[in-house]
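Participant: My questions will all concern the structure given below.
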Amino acid sequence: PATGGGGTPATSSAAASAPLANSPVAASPAISVTSQDANQRAPRQGAACKYGTTDPISLQEPSEADLQLTQRMMEELEREYPRETPDGMRHRESVLQELEGLVTQWMVEVGVEKGMSEAAAKKSTSKLLTLGSYRLGVAHPGSDIDTLCIGPPHVSREAFFSSFVDKLKKKESVTECVPIPDAFTPIIRIKMRGVSIDLLFARLVKQFEEGQVLEEALKDDEILRNMDDKSVRCINGYRVADQILQLVPNPQAFRDTLRFIKCWARRRGIYSNVLGFFGGITWSLLVARVCQLYPYYAPSQLVNRFFRVYDQWNWSKPVMLCDIEDKANVPGMGAFKVWNPKTNPADRQHVMPVITPAFPAMNSTHNVTETTKRILLDEFRRGYESVKNVEAEKAEWSHVHEPFPFFSHFRHFLWLEVLAQTEEVYQKFSGWVESKLRILTRQLEATTGMIIHPNPLQYDLRGADREWPLGCAMFIAMAFFKDHGAFVGQTVDLRVHFHHFVDVISQWAEKDTYNGMFCLRLKRIKRSQLPDYAKDVEDLDVDKKRTRSQRQDGVASVSVGAGEQVKKRHISTGGIP
């Protein structure tokens, strides 16, 4: 049968069985409905269960129509946003094994330098762990691998960012190596045999006991006792991903739904924790909660409910996968800050709280502002309407994640160019600028009559400036509305905001170290003044949409995602990978 949102039959059972008045059917003999017929018409219900903090909203199982809709959704997704190939996964696993061997070798060397025997040093090493999208099983070609190096008590963070970095730079297979030790979540970014890897470090307080399984030990909160804050933030990236997989009723349905939502979020320009949208862990948590509420739904139904639930969500209440634990009275745990708006004034200011499940619970969306909240809610609403059109066979799934036409939607922009002489300087300085960009957006939000729209994409300059070999551009759109206080003839002076932002950027701790090797340009432009490298990306999206339309009309063709043409770099500054 045709289905509405979430698999509910579009025609009610009463309407289906009752004869219409004044119709020939009314005069015909009564039709006996067997129990078997009734069972076929009634939606199937799954066994009673509970995941998370509340009972499910529905235990309904998918209909045949829902499964067919899911199949079409996944086929479309595979064309537009393919998962990593088997060969690609084998290459990634090979790279991870090589990196793990390098980590183990380095830890043994550090142990021997500390006076340990080589045998004892080897015994104290631990393996490399993955987290993020790779751990959750939603990696795609070109995506980074988030990894965690867990060091024994005798291996310090300082050694990780000095002697281990030196070892990486000497490795022929490592073509890029940028340590960022001063970030809120310290990280080493490397490229090894063509694979980009973000490497975190956590230092154990005490050595594992013999025979103890690392993965099992990490699940226990006891591992955190007396651990330093930076190690806790790093190790919780693994613990959060592990708990998400434990807290969803159907991991494969979760993965399929998450892949679609991540594709949608990237293309609609709302995938960025640093700029005040949602990052990868937040999208994972939101999808996981919907899976808990509809434990038997197929991915197409879950996508429908995802948009509906968060369009209607009361955002004064947090999204949580489980109850929050507070261990303030547990020795060695009391110093950890747990998200609690009742006792922490700063937590009360969070406008769209989405809480991580692992202790200590954190809000993964503390960067969200009223501006980005408005944009996110608009996109949830659009997503829900688009999916309803798909279910009504008025649109294809590709319409749901159609790229947001940023440059054609707005007429005025702030244009930032981040320039550098070397890859290391570029990585560090662009990360610094991006992490502070929300300070500028918060100030712009307060301008009477103006609304803004940050764009999380970073556009490769493609050699547009010969003096600076490396660089990217960022854009913030501006629009003026009467109902926000704008009026004809209004003068908007942005110089104060620009000067303040430049002062903030000038506080970069490494500006003297890299003096003359970086540059930031900032100017206000109109749409007609946009650089070619920005317009070309949006033109590619238009061409792709046209190609997709042709394919739906039966014309076979190959399309290239606009995201593949855009260099996206970010630095984790909020404590959540």
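Participant: Go through (1) of a type in the set (D, E, K, R); (2) at pLDDT 95 or above; (3) within 30 Å of PHE184 (Cα to Cα) for LYS394 and report which single condition fails.
Facilitator: That leaves (3) as the condition not met.
Participant: Quick check on my filter: what residues within segment 512-528 are in contact (Cβ under 8 Å) with a residue 40 or more places away in the chain, open to solvent by 50 Å² or more (accessible area, probe 1.4 Å) and within 24 Å of ILE452 (Cβ to Cβ)?
Facilitator: Within segment 512-528, ARG521, LYS523, ARG524, LYS526, ARG527 qualify.
Participant: Can you pull out every residue in segment 109-168 that is polar (S, T, N, Q), under 30 Å from PHE260 (Cα atoms) and not in a helix (DSSP H, G or I)?
Facilitator: Within segment 109-168, THR130, SER143, THR147 qualify.
The rows are residues; the columns are (1) under 26 Å from PHE404 (Cα atoms); (2) within 26 Å of the chain's Cα centre (by Cα); (3) in contact (Cβ under 8 Å) with a residue 12 or more places away in the chain.
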residue: GLY449; (1), (2), (3): yes, no, yes
residue: LEU461; (1), (2), (3): yes, yes, yes
residue: ARG466; (1), (2), (3): no, no, no
residue: THR491; (1), (2), (3): no, no, no
residue: ILE505; (1), (2), (3): no, yes, yes
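Participant: Name the one entry in TYR426, TYR384 that is surrounded by 21 or more Cβ atoms within 10 Å (Cβ to Cβ) and more than 30 Å from LEU522 (Cα to Cα).
Facilitator: Answer to the check: TYR384.
Participant: Out of the residues in segment 488-509 meeting the condition of being at pLDDT 90 or above and among the aliphatic types (A, V, I, L, M), tell me which one is most open to solvent (accessible area, probe 1.4 Å).
Facilitator: Among residues in segment 488-509 that are at pLDDT 90 or above and among the aliphatic types (A, V, I, L, M), the one most open to solvent (accessible area, probe 1.4 Å) is VAL496.
Participant: Looking at ILE235, ILE281 in this structure, which one is touching a Pro at 6+ places or on another chain (Cβ under 8 Å) and part of a helix (DSSP H, G or I)?
Facilitator: Details: ILE235 fails: touching a Pro at 6+ places or on another chain (Cβ under 8 Å).
Within the list ILE235, ILE281, the selection yields ILE281.
Participant: Quick one: which of ASP221, ASP198, ASP182 is in contact with an Asp or Glu (Cβ under 6 Å, 6 or more places away or on another chain) and acidic (Asp, Glu)?
Facilitator: Checking each option against the conditions leaves just ASP198.
Participant: Within segment 472-486, is there a residue that is modelled with pLDDT of 95 or more and among the small types (Gly, Ala, Ser)?
Facilitator: Yes, segment 472-486 contains a residue that is modelled with pLDDT of 95 or more and among the small types (Gly, Ala, Ser).
Participant: When only residues in segment 93-115 that are open to solvent by 60 Å² or more (accessible area, probe 1.4 Å) and out of contact with any Asp or Glu (no Cβ under 7 Å at 6 or more places or on another chain) count, which is farthest from LEU199 (Cα to Cα)? Full working, then the answer.
Facilitator: Let us first name the residues in segment 93-115 that are open to solvent by 60 Å² or more (accessible area, probe 1.4 Å), namely 93, 97, 105, 109, 112-115.
Remaining after also requiring out of contact with any Asp or Glu (no Cβ under 7 Å at 6 or more places or on another chain): 93, 97, 105, 109, 113-115.
Numbers: GLU93: 15, GLN97: 14, GLN105: 16, GLU109: 19, GLU113: 23, LYS114: 24, GLY115: 27 Å.
Residue satisfying both the conditions and the ranking: GLY115.
Participant: Pick from segment 68-92 the residues that are in a helix (DSSP H, G or I) and open to solvent by 80 Å² or more (accessible area, probe 1.4 Å): which of them is farthest from GLU396 (Cα to Cα)?
Facilitator: Applying the filter and picking the extreme gives ARG90.
Participant: Take the residues in segment 226-251 that are of a type in the set (Asp, Glu) and open to solvent by 40 Å² or more (accessible area, probe 1.4 Å), then tell me which one is nearest to LEU285 (Cα to Cα).
Facilitator: Result: ASP229.
Participant: When segment 286-342 is examined, which residues are found to be in contact with a helix residue (DSSP H, G or I) (Cβ under 9 Å, 6 or more places away or on another chain), of a type in the set (Val, Ile, Thr) and either open to solvent by 30 Å² or more (accessible area, probe 1.4 Å) or without any contact (Cβ under 8 Å) to a residue 12 or more places away in the chain (or both)?
Facilitator: If the condition is that a residue be in contact with a helix residue (DSSP H, G or I) (Cβ under 9 Å, 6 or more places away or on another chain), of a type in the set (Val, Ile, Thr) and either open to solvent by 30 Å² or more (accessible area, probe 1.4 Å) or without any contact (Cβ under 8 Å) to a residue 12 or more places away in the chain (or both), then VAL330 is the only one that fits.
Participant: Can you pull out every residue in segment 246-258 that is part of a helix (DSSP H, G or I), among the aliphatic types (A, V, I, L, M) and closer than 18 Å to THR54 by Cα? Break it down stepwise before answering.
Facilitator: Quick first cut of segment 246-258, residues part of a helix (DSSP H, G or I) only: 246-247, 251-258.
When the remaining residues are screened for being among the aliphatic types (A, V, I, L, M), the result is 247, 253, 258.
Of everything in segment 246-258, just one residue is part of a helix (DSSP H, G or I), among the aliphatic types (A, V, I, L, M) and closer than 18 Å to THR54 by Cα, namely LEU247.
Participant: Something else now. Among the candidates ILE223, ILE261, ILE197, which residue alone is buried (at least 22 other Cβ atoms within 10 Å of the Cβ) and part of a helix (DSSP H, G or I)?
Facilitator: Among ILE223, ILE261, ILE197, only ILE261 is buried (at least 22 other Cβ atoms within 10 Å of the Cβ) and part of a helix (DSSP H, G or I).
Participant: Give me a count of the residues in segment 348-372 that are surrounded by fewer than 19 Cβ atoms within 10 Å (Cβ to Cβ) and under 28 Å from ARG239 (Cβ atoms).
Facilitator: Of the residues in segment 348-372, 3 are surrounded by fewer than 19 Cβ atoms within 10 Å (Cβ to Cβ) and under 28 Å from ARG239 (Cβ atoms).
Participant: Quick test for you: out of LEU129, LEU136, LEU168, pick the one residue that is in contact with a Leu (Cβ under 6 Å, 6 or more places away or on another chain), buried (at least 18 other Cβ atoms within 10 Å of the Cβ) and of a type outside the set (Lys, Arg).
Facilitator: One residue alone meets the criteria, LEU129.
Participant: Quick one: in segment 116-126, of everything that is of a type outside the set (A, V, I, L, M, F, W, C) and over 19 Å from SER162 (Cβ atoms), which residue is most open to solvent (accessible area, probe 1.4 Å)?
Facilitator: Across segment 116-126, the extreme among qualifying residues is LYS123.
Participant: Here's a check for you: in segment 41-67, which residue that is out of contact with any Cys (no Cβ under 8 Å at 6 or more places or on another chain), surrounded by 14 or more Cβ atoms within 10 Å (Cβ to Cβ) and small (Gly, Ala, Ser) is nearest to GLU396 (Cα to Cα)?
Facilitator: Filtering first and then ranking leaves ALA65.
The values are calculated or read from the model by the stated rules, or taken from the named source; none is laboratory data. Please read all numbers here as calculations on a predicted model, not as lab measurements. All Cβ positions, glycine included, derive from the backbone under ideal geometry; neighbour counts span all protein chains shown. Keep in mind that these areas ignore ligands, DNA and RNA; they rest on the heavy atoms of the full protein, side chains included. Shrake-Rupley method; radii C 1.70, N 1.55, O 1.52, S 1.80 Å.
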